[in-house]
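Inspection log for the structure reproduced underneath, given as structure tokens.
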Amino acid sequence: MSNNTENTKTIRWGILGCGNVTEIKSGPAYQKTQGFKIEAVMRRDAKKAADYAKRHNIGKFYSDAADLINDPEIDAIYIATPPDTHHFYGLKVALAGKICCIEKPLSPHYTTSLEIYEAFSTKNLPLFTAYYRRSLPRFEQVKIWLDTHEIGTIRSIRWSLTKTASSLDLSGEHNWRTDAEIAPGGYFDDLASHGLDLFIHLFGKIKEVSGYSLNQQGLYSAKDAITACWLHESGITGNGNWNFGCDKREDSVEIYGSKGKISFSVFENEPIILSNEEGKTTLFIENPENIQLHHVERIREHLLGNREHPSSGLTATHTSWVMDKILGKSVPKVSI
């Protein structure tokens, strides 16, 4: 989008799939961003779509995705459905020639993520992915520490993420997040994708990666125990452990450098800690109420031509490749 008359144009958005994630995390962020307006929402249950529209002061609602995508009064679509539908809807939005932001992961598989990326790239359409941690101030501060060499030369990164089985897990009731047909890696797809994508943002592309994944508990069809190691193109090594059947929740990241260490949590609202030759620095940087606010504001800046958005279809496709490799899927070498 050119940086001329488009600067004053209001971008009219449609939300495809107005479920829980859009209530506080993302939906209000689009309403609070100057120059954006949510024109319509879609949910298959028409009563729930109408209720969402009423509660959020949105003028139109649909129960058919095609009606939303092809509405001539909508310029852009935010796809907030479960990941197994991202490919189908993403291609429809590209065909309609509209700006798009897709919830993470871009899709459950690298090959379908690549198809989404190529569909938008071929038509030169902006495509964003909701890896919003790339835009959060607390992680921007981590990047500043890294870029200013506060811990010297970066050597390696380690992440451990564990949690207990939830009451829903134990109940045997259906949960799309642990349904292998929708999310093959289970909570790994939903949660680990955020951290791995953040590491790629901080340290650059990953060129080699391998892992082990299995279902230890037998509570659902998706994987629940994953371990991996990887190598960034920059020469930084990484390793991770994700287990969703442990006795407690733990979310611990440690970045090791030649002159110190940075520690933080990917998900918990905890301080970020810098330890180096000068001592220990502890910073608490609160996340915004609507956690996707900075991500959405950066979309607007990108569309105005002011600065590049950090989370694109291209970057998300690379993250999908890394996820597939960890899960042991046979995928081609990334060449995009």
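The values are calculated or read from the model by the stated rules, or taken from the named source; none is laboratory data. Since the structure is predicted, the reported quantities are computational estimates derived from the model, not experimental observations. Note: ideal-geometry Cβ built from the backbone for every residue, glycine included; neighbour counts use all protein chains shown. Side chains are part of the model used for accessible areas, which takes the heavy atoms of the whole protein and leaves out ligands, DNA and RNA. Shrake-Rupley method; radii C 1.70, N 1.55, O 1.52, S 1.80 Å.
Just checking, how many residues over segment 1-43 are of a type outside the set (Gly, Ala, Ser), modelled with pLDDT of 95 or more and within 19 Å of Asp67 (Cβ to Cβ)?
Here the count works out to 11.
Restricting attention to segment 47-97, and to residues there that are acidic (Asp, Glu) and in contact (Cβ under 8 Å) with a residue 60 or more places away in the chain, which single residue is least open to solvent (accessible area, probe 1.4 Å)?
Asp75
Return the residue satisfying two criteria in turn: it lies in segment 320-336 and is charged (D, E, K, R) and in a loop (DSSP other than H, G, I, E, B), and of such residues it is most open to solvent (accessible area, probe 1.4 Å).
Once the filter is applied, the top-ranked residue is Lys333.
Of the conditions (1) over 24 Å from Ala225 (Cβ atoms); (2) crowded, with 18+ Cβ neighbours inside 10 Å, Phe264 satisfies every one except a single condition; which number is it?
It is condition (1) that Phe264 fails.
Got a sec? Which of Gly245, Gly185, Gly257, Gly240 is in contact with a Ser or Thr (Cβ under 8 Å, 6 or more places away or on another chain), within 18 Å of Ile144 (Cβ to Cβ) and not basic (Lys, Arg)?
Just one listed residue meets the conditions, Gly257.
Quick test for you: out of Leu161, Leu125, Leu146, pick the one residue that is under 25 Å from Asp190 (Cα atoms) and in contact with a strand residue (DSSP E or B) (Cβ under 9 Å, 6 or more places away or on another chain).
Leu161
In segment 273-294, is there at least one residue being closer than 24 Å to Ser107 by Cβ, polar (S, T, N, Q) and touching a helix residue (DSSP H, G or I) at 6+ places or on another chain (Cβ under 8 Å)?
Yes: one or more hits.
Identify all residues within segment 287-307 that are over 30 Å from Ala183 (Cα atoms) and not in a helix (DSSP H, G or I); write none if there are none.
Leu304, Gly305, Asn306, Arg307
For Thr282, only one of the following conditions fails: (1) open to solvent by 50 Å² or more (accessible area, probe 1.4 Å); (2) within 27 Å of Asp224 (Cβ to Cβ); (3) assigned to a strand (DSSP E or B); (4) polar (S, T, N, Q). What is its number?
(2)
Working only within segment 99-136, note down all residues that are over 16 Å from the mean Cα position of the chain (by Cα) and under 22 Å from Asn290 (Cα atoms).
Ile99
What are the pairs with Cβ atoms under 8 angstrom where one residue, in segment 101-124, is closer than 24 Å to Ile38 by Cβ and the other, located anywhere, is part of a strand (DSSP E or B) and open to solvent by 10 Å² or more (accessible area, probe 1.4 Å)? Sequence gap at least six, or different chains.
Note: pairs meeting the criteria are Cys101/Leu127; Ile102/Leu127; Ile116/Leu127; Phe120/Leu127.
Among the residues of segment 98-122 satisfying the criterion of being in contact with a strand residue (DSSP E or B) (Cβ under 8 Å, 6 or more places away or on another chain), among the aliphatic types (A, V, I, L, M) and more than 16 Å from Ser193 (Cα to Cα), which is most open to solvent (accessible area, probe 1.4 Å)?
Only one residue tops the list, namely Ile99.
Out of the residues in segment 287-319 that are among the basic types (Lys, Arg) and surrounded by fewer than 20 Cβ atoms within 10 Å (Cβ to Cβ), which is nearest to Lys207 (Cα to Cα)?
Looking at residues that are among the basic types (Lys, Arg) and surrounded by fewer than 20 Cβ atoms within 10 Å (Cβ to Cβ), I get Arg307.
Residue check: is Gly35 within 18 Å of Ile99 (Cβ to Cβ) and either of a type in the set (Gly, Ala, Ser) or in contact with a Phe, Trp or Tyr (Cβ under 6 Å, 6 or more places away or on another chain) (or both)?
yes
What do you reckon, is Ser335 of a type in the set (Ser, Thr, Tyr), closer than 30 Å to Glu118 by Cβ, at pLDDT below 95 and over 22 Å from the mean Cα position of the chain (by Cα)?
no
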